[in-house]
Amino acid sequence: MSAPGAENHQRSLGLSPPLHRLDTGQRILDRLRRLRSRWCPTTRERVVAACGDTILAGPFRGMRYVDRAVGSALPPKLLGTYELELHPWLEEIIGTDYREIRVVGCAEGYYAVGLARRLPGCRVLAHDLDRSVPPLLKRLAVINEVADRVEFRGEWSAASVASEPAGRTLIVCDIEGAEAELLDPVAMPLLRRSDILVEVHDAAKGTIETILRERFAATHRIRRAIAIPRTLGDIEVPLQRRFRRRTLERSIDEGRKYGLTWLFMTTDETAT
């Protein structure tokens with residue numbers, strides 16, 4: 001055991017405190033961190049508590065929402081910054097007289113239900129393989145009063161699109177790298193006559209984008225968007241005042257690799 005005053009003498013000489021003191025201090029810090037993680041709300045919880053069950057900004061402002069997101073982050077959706085790069089195209093879509101929209105990789109229904117709300121004359125067919133999706137999608141459609149126009153169809157395949165839609169069609173596609181396999185106009189002739197908004201998952205190599213461009217260049221006008229980092233300026237000013245800066249910075253992070261791309265391919269009747 002150290003003599004009384006020995007530790008103070010060590011400090012006066014610029015020496016480190018005994019190891020057992022460091023261990024005790026570290027244990028206290030670890031316990032405080034555990035308590036904080038247990039009792040302090042997470043960023044997600046803060047945003048959900050502030051927003052309630054409603055999207056507060058963006059193209060789907062006012063849409064009521066479920067308490068979880070499948071395969072994506074919930075706070076950016078509630079704050080209206082989710083896939084911000086697509087917002088101009090979404091407004092263009094909302095201004096188009098689509099009669100049918102197919103959302104492939106629909107998850108809990110952000111686009112399926114959001115577009116059904118904004119396009120009241122449109123039927124939406126939603127496709128996904130995740131077993132957790134159908135009850136969430138149904139609930140989201142019900143609380144937004146569009147359940148009569150949103151239908152879950154399971155797997156996306158040639159058989160699932162055998163029927164010809166009556167009117168202009170949009171396909172919204174996010175299928176985690178299977179774009180080249182499933183967006184084949186030879187196997188699905190409907191694709192030649194449909195507008196397509198697709199997330200492309202090979203930003204580094206560009207192989208899938210090249211394939212899609214080659215397939216649709218003769219029948220579609222092709223536009224491209226690139227994912228970019230979010231900034232606080234992306235959030236509407238009234239919302240910025242409701243949260244701490246650090247909370248907002250974490251909330252708008254979608255956890256995606258920037259450089260990822262989207263293609264918006266619209267039918268071009270003048271193309272040859």
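Each reported figure results from applying straightforward, stated rules to the coordinates on display, with no laboratory input. Remember, it's a predicted structure, so these values are computed and weren't measured experimentally. Here Cβ is always computed from backbone atoms with ideal geometry, including for glycine, and neighbour counts include all displayed protein chains.
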D_trans [Stokes-Einstein, Kirkwood Rh over alpha-carbon pairs] for the range 53-267, 10 °C, 1.306 mPa s, µm² s⁻¹ = 90
Residues D268, D195, D148 arranged by fewest to most Cβ contacts within 10 Å = D148, D268, D195
Just order 123-131, 239-247 by mean Cβ neighbour count inside 10 Å, highest at the front, would you?
-> 123-131, 239-247
